[in-house]
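Below is one structure; the comments refer to it alone.
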Amino acid sequence: MAPIDADAGYALADLAARSGADLHGDGRVRVTRVATLERAGPGSIAFLANPKYAAMLDATRASAVIVTPEDAGRTALPKLVTPTPYLAFARIAAVLHPSASPAPGIHPTAVVDAGATVANGVSIGPHATIGAGTALAEGATIGAGCAIGRDVRIGARSRLDANVVVYDGCAIGADAIVYAGAVIGADGFGLAEDGGRWLRVPQVGRVVVGDRVEIGANTTVDRGAIDDTVIGDDVKLDNQVHIAHNCTIGEGTAIAGCVGIAGSTRIGKRCRIGGAAMISGHLSIPDGTTLGGAAVVMSTIREPGAYSGSWPVQKYQDWRRSAARLRQLDRLAERVAALERTWRARESGG
Amino acid sequence: MAPIDADAGYALADLAARSGADLHGDGRVRVTRVATLERAGPGSIAFLANPKYAAMLDATRASAVIVTPEDAGRTALPKLVTPTPYLAFARIAAVLHPSASPAPGIHPTAVVDAGATVANGVSIGPHATIGAGTALAEGATIGAGCAIGRDVRIGARSRLDANVVVYDGCAIGADAIVYAGAVIGADGFGLAEDGGRWLRVPQVGRVVVGDRVEIGANTTVDRGAIDDTVIGDDVKLDNQVHIAHNCTIGEGTAIAGCVGIAGSTRIGKRCRIGGAAMISGHLSIPDGTTLGGAAVVMSTIREPGAYSGSWPVQKYQDWRRSAARLRQLDRLAERVAALERTWRARESGG
Amino acid sequence: MAPIDADAGYALADLAARSGADLHGDGRVRVTRVATLERAGPGSIAFLANPKYAAMLDATRASAVIVTPEDAGRTALPKLVTPTPYLAFARIAAVLHPSASPAPGIHPTAVVDAGATVANGVSIGPHATIGAGTALAEGATIGAGCAIGRDVRIGARSRLDANVVVYDGCAIGADAIVYAGAVIGADGFGLAEDGGRWLRVPQVGRVVVGDRVEIGANTTVDRGAIDDTVIGDDVKLDNQVHIAHNCTIGEGTAIAGCVGIAGSTRIGKRCRIGGAAMISGHLSIPDGTTLGGAAVVMSTIREPGAYSGSWPVQKYQDWRRSAARLRQLDRLAERVAALERTWRARESGG
């Protein structure tokens, strides 16, 4: 299944084998890159997953396409046919556009403590700092400007992009990706009242991150107050997510951008949390829950399912009226109840 | 129009010429700095744009003021008169408080790949990293700790503040400002389901940023999945904004802090997006739209105009009641309809 | 009150004295660490503040516990008794888990301008940059990769973690903590319209941060446009908070994660702002106000108290119905009013 000529990309038949899709048409067509149907040119492969864009098949200049069995008849182009075109596309994109790994080695400007352990094949970028007692497993990549504290564990083949910070004692599993600017293990927001002043509560737990986790750019995950904050295997966090101390995020859960989760909340496995959702502390969300974008969760959800909650955007003047009415909603409900009572009294009395 | 004596600031007549405002009163008054009406002292110039603060004109200790023709009669101070005092103030502030540019040159601690191209007048700060194939145009400034990947383009006179990260292949136009901690070009949140697990979808597009764009501190703009994420000329993004993969932001649009925009959404030109607004993916917003703070947009907006949508804050107990009533709103509407039907039946039948 | 044997932690009697709690039981018990009731083992001390978890007292393997007088009778373990167990716990945790201070000194890779002033006992980490005119007071700690501009003041014993950015001219008080990735003093979002284009308005104010302030990871505080942005003493900001230009945050106010506050807003003293609350610009909130999570504040709050406002999350189908009804709420209210009028006409006429 090696490419016949790497410079000229891959034969379509080869990509069929690598993606698990069925080949229809000329398998010798050479493919060098992925593209959208709209902007594809010769040498590129595009996919159609949503039938509403099927018209684009006619005009595309792609050399090959990936389609469902239902759509296969709509184009005469060489094609890969599969019930899951997006998945096949993802596999093919990984073949055509492999991520460039930096060469192993420690950049001379990096500051690596003598008490750190650096396995084979590790790459440490310029101006990175690695603390004492920290262990970087085989093939890990530490980006430029990363600051990794003491006694940290970074798993095999995990990649930390530029300017990531990992505080003392935290652990990240294997094959994880942490994007630039993320901060893992800062203190949780723990405050005790002490005679009208705030007393800081030491945060002695860690952050423990599983395998194959992705943590988005500028996302923050706080260390636990006493026990650990735990991010399960295969969890995917988008950018600018905030996970507070002692949260537990179950395996395979995906959390979109700008989500905030307050302390000690437990999110189940395989949940999908929409962007900008905000989840209060000390509550739980069951496995398999879907939460709509910008939804605000204030108490435990007991039944899995799809949940939403946000004001539907309106023209400004309409919103002003809706908002005014909302403030009077309790009174309106009472007025309706009064009408019902009056009516019933009249009916029974009259 | 050069200052008579730079040490003593500028003559008011000079500032009138530089700002396009009319001079009323003694043009020889020296002005060294801007101030608010409330806190101004001798040597400072303040402005009044909002008539509700007109009473402050009486008490101000400013040496000169900028006012509208309508307000000109309210003060005997030397003044600049213009229909747009805030604009004149902005121009004068730029004269009185020019931003300090670092001296050109590459700091000895910076790591600049031999394959990078550095034009004349470029400044590269301490501990910055510049990758192979990257080109920094004339007069660009790269702050301390920035990590600029490979094959990046930074336009003339653009300024990246400290600890900015730009991923491989991204392009930033001329005269742009990127504030500290911003991350440009991290992977979009692209996941395909593969037998119950998430498979990462390579993100092969770039981020392309126009001229005169500002990108706020800790803001993130993700690279496109296939095509590019595009930030048009003159777009202004405040802090902690998140722009997901394949968004297009039209020219001149201003987006306030904490806004999140999900993938593949198209924002028109000259829009104004209020702080903390959250915009779903795969939708579009027309040119010239104004969106209120914290509004949540879940579907395409077809007509330009002003839109809002958020729960108006209430006293906690009132909110509890409103929220409970909201959950029963569908039932309430049915009860009203039942009353109407009963009434009509009675009227027609009785 | 020194520990009898530091290697074996502290005697419970010693911890009683240090925390101000009453000792019940054997004061010679050795305690080495804090733990939760659930996961405690020998040598650890746990606390019970919420009676709903009292059942855990029976099963805990802790060597000692901290309880209220009301709960003291529920366990035979050696214990510390106090009306404020969480506060005593915080004090004891600080004794058992002191934060590790880095050794004083300037790391050889740090770039410290010759015009900076560095007091005794200051620690400057690898790859940090300190600008001209900046003064670091006694015992201050500057983390790896921090970029501190010119003419900055950092107070005694204050700690900036890795990759913090402080812009020119800003001031931070004593005993403050700034977590990784925070950005203090970037320009505010100041734009004036100039013939259809945005003209940038120079931001000439500073950020002034008080004593004992905490600023969370990746939080941003913008410099003032003309006057300063002011963060009062004992203010606590969680992660990913955004404070816009010219805000004033009163002493002792605590602001949870993901909160955004637009420009020129004044937050009173000792307020508690829930996570993800969004507060508009140019308004004020009185001392002692509590704001619920995700609440949106669009106008000044005049009366202290507890405020909330967010859509209560619902099952998706229920939300769809509620949202549709909300859009018709104005019409529904008119229909109720019409029913009332008709009824009254009938009653009076009939």
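The values are calculated or read from the model by the stated rules, or taken from the named source; none is laboratory data. Not measured: the values here are computed from a predicted model. Cβ atoms come from the backbone with ideal geometry, glycine included; neighbour counts cover every protein chain shown.
On the basis of being in contact (Cβ under 8 Å) with a residue 24 or more places away in the chain, more than 9 Å from chain B (Cβ to nearest Cβ) and over 25 Å from residue B:111 (Cβ atoms), does residue A:83 make the cut?
No: the conditions fail for residue A:83.
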- Task: Restricting attention to region A:302-334, report how many residues are more than 10 Å from chain B (Cβ to nearest Cβ) and surrounded by fewer than 20 Cβ atoms within 10 Å (Cβ to Cβ).
- Result: 7
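Can you tell me which of B:75, B:36, B:84 is crowded, with 16+ Cβ neighbours inside 10 Å and farther than 28 Å from residue C:206 by Cβ? It would help to see each step written out before you state the result.
Numbers: B:36 fails: farther than 28 Å from residue C:206 by Cβ; B:84 fails: farther than 28 Å from residue C:206 by Cβ.
None of the other options fit; the residue is B:75.
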- Within region A:284-299, count every residue that is of a type outside the set (Gly, Ala, Ser), assigned to a loop (DSSP other than H, G, I, E, B) and within 9 Å of chain C (Cβ to nearest Cβ). 1
- Kindly list the number of the only condition in (1) within 27 Å of residue C:227 (Cα to Cα); (2) in contact with a Gly (Cβ under 8 Å, 6 or more places away or on another chain) that fails for residue C:124. (1)
- State which residue is nearest to residue A:144 (Cα to Cα) when the search covers only region C:146-176 and only residues that are β-branched (Val, Ile, Thr) and touching a Ser or Thr at 6+ places or on another chain (Cβ under 7 Å). C:148
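Conditions tested, residue by residue: (1) surrounded by fewer than 21 Cβ atoms within 10 Å (Cβ to Cβ); (2) part of a strand (DSSP E or B); (3) within 14 Å of chain A (Cβ to nearest Cβ).
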position: C:156; (1), (2), (3): yes, no, no
position: C:162; (1), (2), (3): no, no, yes
position: C:168; (1), (2), (3): yes, no, no
position: C:180; (1), (2), (3): no, no, yes
position: C:184; (1), (2), (3): no, yes, no
position: C:188; (1), (2), (3): no, no, no
position: C:192; (1), (2), (3): yes, yes, no
position: C:205; (1), (2), (3): no, no, no
position: C:211; (1), (2), (3): yes, no, yes
- Cβ-Cβ below 6 Å, separation at least six or inter-chain, first residue in region B:136-148 and facing chain A (nearest Cβ under 10 Å) and closer than 22 Å to residue A:125 by Cβ, second β-branched (Val, Ile, Thr) and part of a loop (DSSP other than H, G, I, E, B): which pairs? B:146/B:164; B:148/B:134
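Yes/no matrix, rows are residues, columns are (1) within 12 Å of chain B (Cβ to nearest Cβ); (2) assigned to a loop (DSSP other than H, G, I, E, B); (3) at pLDDT 95 or above; (4) surrounded by fewer than 23 Cβ atoms within 10 Å (Cβ to Cβ):
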| residue | (1), (2), (3), (4) |
| --- | --- |
| C:221 | yes, no, yes, no |
| C:233 | no, yes, yes, yes |
| C:239 | yes, yes, yes, no |
| C:245 | yes, yes, yes, no |
| C:264 | yes, yes, yes, yes |
| C:270 | no, yes, yes, yes |
- Can we say residue B:82 is among the β-branched types (Val, Ile, Thr), at pLDDT 95 or above and touching a Pro at 6+ places or on another chain (Cβ under 9 Å)? yes
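Against the condition assigned to a strand (DSSP E or B), under 28 Å from the mean Cα position of the chain (by Cα) and more than 24 Å from residue C:146 (Cα to Cα), how does residue B:95 come out, does it pass? Working first, answer last.
Details: assigned to a strand (DSSP E or B): no; under 28 Å from the mean Cα position of the chain (by Cα): yes; more than 24 Å from residue C:146 (Cα to Cα): yes.
For residue B:95, the condition - assigned to a strand (DSSP E or B), under 28 Å from the mean Cα position of the chain (by Cα) and more than 24 Å from residue C:146 (Cα to Cα) - is not met.
Taking region B:23-33, which residues are touching a residue at least 60 places away in the same chain (Cβ under 8 Å) and either outside any strand (DSSP E or B) or surrounded by fewer than 21 Cβ atoms within 10 Å (Cβ to Cβ) (or both)?
Looking only at region B:23-33, we keep the residues that are touching a residue at least 60 places away in the same chain (Cβ under 8 Å), and these are B:31-33.
Scanning region B:23-33 gives B:32, B:33.
Out of everything in region B:39-72 that is among the polar types (S, T, N, Q) and part of a loop (DSSP other than H, G, I, E, B), what residue ends up being surrounded by the most Cβ atoms within 10 Å (Cβ to Cβ)? Break it down into steps so the answer makes sense when it comes.
If we filter region B:39-72 for residues that are among the polar types (S, T, N, Q), which is where we start, we get B:44, B:50, B:60, B:63, B:68.
Then drop every residue that is not part of a loop (DSSP other than H, G, I, E, B), which leaves B:50, B:60, B:63, B:68.
Details: B:50: 12, B:60: 21, B:63: 23, B:68: 17.
So the residue we want is B:63.
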- Query: Which of the residues that make up region A:79-89 are among the β-branched types (Val, Ile, Thr) and in a strand (DSSP E or B)?
  - Reply: A:81
- Query: How many residues, within region A:98-130, are touching a strand residue (DSSP E or B) at 6+ places or on another chain (Cβ under 7 Å) and in a loop (DSSP other than H, G, I, E, B)?
  - Reply: 15
- How many of the residues in region C:87-105 are free of Cβ contacts under 8 Å to residues at least 40 places away in the same chain and surrounded by fewer than 18 Cβ atoms within 10 Å (Cβ to Cβ)? 8
- Please state which one of B:152, B:166, B:95 is among the hydrophobic types (A, V, I, L, M, F, W, C), more than 26 Å from residue C:130 (Cα to Cα) and touching a Cys at 6+ places or on another chain (Cβ under 8 Å). B:152
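Please tell me if residue C:150 is over 25 Å from the mean Cα position of the chain (by Cα), modelled with pLDDT of 95 or more and within 25 Å of residue C:242 (Cα to Cα). Spell out the reasoning first.
Working: over 25 Å from the mean Cα position of the chain (by Cα): yes; modelled with pLDDT of 95 or more: yes; within 25 Å of residue C:242 (Cα to Cα): yes.
So residue C:150 fits the description; yes.
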- Message: For the structure I just gave you, tell me whether residue C:76 is outside any helix (DSSP H, G or I) and assigned by TED's automatic domain parsing to the domain that holds residue C:161.
- Response: no
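Mind telling me which of the residues B:275, B:257, B:281 ends up being among the small types (Gly, Ala, Ser), surrounded by fewer than 24 Cβ atoms within 10 Å (Cβ to Cβ) and in a loop (DSSP other than H, G, I, E, B)? Lay out the reasoning, then the answer.
Numbers: B:275 fails: surrounded by fewer than 24 Cβ atoms within 10 Å (Cβ to Cβ); B:257 fails: surrounded by fewer than 24 Cβ atoms within 10 Å (Cβ to Cβ).
The unique qualifying residue is B:281.
Hey, any hits in region A:89-96 for a residue that's in contact with a His (Cβ under 9 Å, 6 or more places away or on another chain) and more than 13 Å from chain C (Cβ to nearest Cβ)? Walk me through it before giving the result.
First pass over region A:89-96, keeping only residues in contact with a His (Cβ under 9 Å, 6 or more places away or on another chain): none.
No; the residues of region A:89-96 include none that is in contact with a His (Cβ under 9 Å, 6 or more places away or on another chain) and more than 13 Å from chain C (Cβ to nearest Cβ).
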- Scan (1) among the polar types (S, T, N, Q); (2) over 30 Å from residue C:165 (Cβ atoms); (3) surrounded by fewer than 20 Cβ atoms within 10 Å (Cβ to Cβ) for the single condition residue B:120 breaks and write down its number. (2)
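Hey, does region A:1-22 have a residue that's touching a residue at least 60 places away in the same chain (Cβ under 8 Å), assigned to a loop (DSSP other than H, G, I, E, B) and within 26 Å of residue B:198 (Cβ to Cβ)? Walk me through it before giving the result.
Residues of region A:1-22 touching a residue at least 60 places away in the same chain (Cβ under 8 Å): A:9-10, A:12, A:15-16, A:18-22.
Within this subset, residues satisfying the condition of being assigned to a loop (DSSP other than H, G, I, E, B) are A:9, A:20-21.
Now restrict to residues that are within 26 Å of residue B:198 (Cβ to Cβ): A:20-21.
Yes: region A:1-22 contains one or more residues that are touching a residue at least 60 places away in the same chain (Cβ under 8 Å), assigned to a loop (DSSP other than H, G, I, E, B) and within 26 Å of residue B:198 (Cβ to Cβ).
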- Query: Only one of these conditions is not met by residue A:295: (1) buried (at least 24 other Cβ atoms within 10 Å of the Cβ); (2) closer than 29 Å to residue A:162 by Cβ; (3) not basic (Lys, Arg). Which number is it?
  - Reply: (2)
